[in-house]
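This report concerns only the one structure given below.
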Amino acid sequence: MLVILKRLGVAITSLLMLSVVPDGVFAQMDDAEFEILAREDGRVFVYHDQAIPLSHGFNVYRSINGGEWSLLTESPVFPVQNGFQLQQKLGELFVSLQEDTRRQDPQAVYLRLRASTTEALLMNMSIPEVAKAMGRVYVDNDPPSVGSRVAYRFEIVDDLERPTGTSFEGGTRLETSIPPPPTNMALDHDGRRVVLKWSYPAYDTPGTETAIRFRAAYRETGSARIREVTDNILLRTTTQTDYRYTFNVPELGREYEFWIEAVDYSGQRSEKSEVLRVRIDDNVPPPIMSGIRARITDDYEVEVTWPVSTARDLAGYHVYRSEGGHDEAFIKLNDELLAPLQTAYLDRNTQPDAEYRYVLTAVDRSGNESPKSNPAHIRIIDYTYPEPVAELSAAFDEENGT
């Protein structure tokens, strides 16, 4: 019997996103629970929560509007029997399963999916190809018309295709649905690292019940090649309405189009969200400089020195000076960018008996400037003597006696 998933959560990917199947999605009948989803393309996906015994399969029957049961399967459907069959059946998709289940051994992945756990159910429902391989879904490619009352019966057979006497069934009124698209799209980026943000209604919002996960995608503007970036299962959660996903684009200096789609249990996608067209340029500044020093020369000038920046795309440096207290603003001293290998700057515009603070920034070839370094503080003490008095004269004032 299916656990009430509304009260449970499961960490299915490294995103640690909690997901549930909403109340009312499954219609209980004969100790089995079903999700019957009519797609807009005319197909009906019939999910169940029963683990088919090893080496066993099933026949599927259908009843329309309470009529007679008719056999839909020409021969019994047999799920994969072990992890190596599953790996062969799924191909490249199996690699994602290994990541999502955090298992590398094919048999361990298979047993994880067969387990009577919330996580196993979610992974089967999130990826239709997995559910088909595991015998958790039947696709009715020629269903009755929308509005009909339809029921499906799964009859378990043994390895010789003989009925075992065990069956389960469930039904619903066919109504097509497609999830609404995500909204409130936004994007931030730190160099090639892109953060997509979007909103989606809470799980109990009418019309959104079948949406189980999201698909994030992008392409270079003008290109037909679409890249899907959600390698893991990006699940919808119980109460969350704001989502985000982080990934890297392949190149800087290019314009890309980004969007999100909601995906239901059958793999049916919503319309695209708002498409964001953004040019991804280098906006990451070089690391902050350290090791800045200042010394007074014999001519009461100040020499500022520093080590070479470690930035790979370094274009040069700026030197700033502040006079007076800590609240005094820094003023840039060099008109042109100092060369990347230059490690000293001579400040000739100084005065004795004055305090100065010097900071340095590194600038890359895209024009990004690092934060200002810690200041190098210096005080120029006045050790000079005044010029001697010259041409001294004196006169006596007889009238005043001075």
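Restricting to segment 94-111, name every residue that is open to solvent by less than 30 Å² (accessible area, probe 1.4 Å) and β-branched (Val, Ile, Thr).
Once the filter is applied, which keeps residues that are open to solvent by less than 30 Å² (accessible area, probe 1.4 Å) and β-branched (Val, Ile, Thr), segment 94-111 yields Thr101, Val109.
For Val157, are the conditions met, namely being open to solvent by less than 40 Å² (accessible area, probe 1.4 Å) and touching a Leu at 6+ places or on another chain (Cβ under 9 Å)?
For Val157, the condition - open to solvent by less than 40 Å² (accessible area, probe 1.4 Å) and touching a Leu at 6+ places or on another chain (Cβ under 9 Å) - is not met.
Which of the residues belonging to segment 203-246 are of a type in the set (Gly, Ala, Ser), more than 29 Å from Phe94 (Cβ to Cβ) and either at pLDDT below 90 or surrounded by 14 or more Cβ atoms within 10 Å (Cβ to Cβ) (or both)?
Passing the criteria: only Gly207.
Within segment 354-402, how many residues turn out to be free of Cβ contacts under 8 Å to residues at least 60 places away in the same chain and of a type in the set (S, T, N, Q)?
4
Quick check on my filter: what residues within segment 271-324 are open to solvent by less than 60 Å² (accessible area, probe 1.4 Å) and of a type in the set (Gly, Ala, Ser)?
Ser273, Gly291, Ala294, Ser309, Ala311, Ala315, Gly316, Ser322, Gly324
Note down all Cβ pairs under 7 Å where the first residue falls in segment 179-208 and is at positive phi, the second is surrounded by 19 or more Cβ atoms within 10 Å (Cβ to Cβ) and aromatic (Phe, Trp, Tyr), and they're at least six residues apart or on different chains.
Asn184/Trp198
Say whether the condition of being within 18 Å of Glu33 (Cβ to Cβ) and either modelled with pLDDT under 95 or not β-branched (Val, Ile, Thr) (or both) is met by at least one residue in segment 91-113.
yes
Does at least one position in segment 328-341 carry a residue that is in contact with a strand residue (DSSP E or B) (Cβ under 7 Å, 6 or more places away or on another chain), among the charged types (D, E, K, R) and open to solvent by less than 20 Å² (accessible area, probe 1.4 Å)?
Scanning segment 328-341 turns up no residue that is in contact with a strand residue (DSSP E or B) (Cβ under 7 Å, 6 or more places away or on another chain), among the charged types (D, E, K, R) and open to solvent by less than 20 Å² (accessible area, probe 1.4 Å).
Under 9 Å between Cβ atoms, at least 6 apart or on separate chains: pull out the pairs that start in segment 276-301 with a residue that is under 30 Å from Asn248 (Cβ atoms) and of a type in the set (Val, Ile, Thr) and end on any residue that is open to solvent by less than 40 Å² (accessible area, probe 1.4 Å) and in a loop (DSSP other than H, G, I, E, B).
As it stands, the answer is Ile280/Gly191; Ile280/Val249; Ile280/Gly253; Val284/Gly191; Val284/Asn368; Ile288/Ser370; Ile288/Ser373, since those pairs meet every condition given.
The values are calculated or read from the model by the stated rules, or taken from the named source; none is laboratory data. The structure presented is a predicted model; accordingly, all values stated were derived computationally and were not measured. Note: ideal-geometry Cβ built from the backbone for every residue, glycine included; neighbour counts use all protein chains shown. Please note that ligands, DNA and RNA were not included when accessible areas were found on the heavy atoms of the full protein model with its side chains. Shrake-Rupley method; radii C 1.70, N 1.55, O 1.52, S 1.80 Å.
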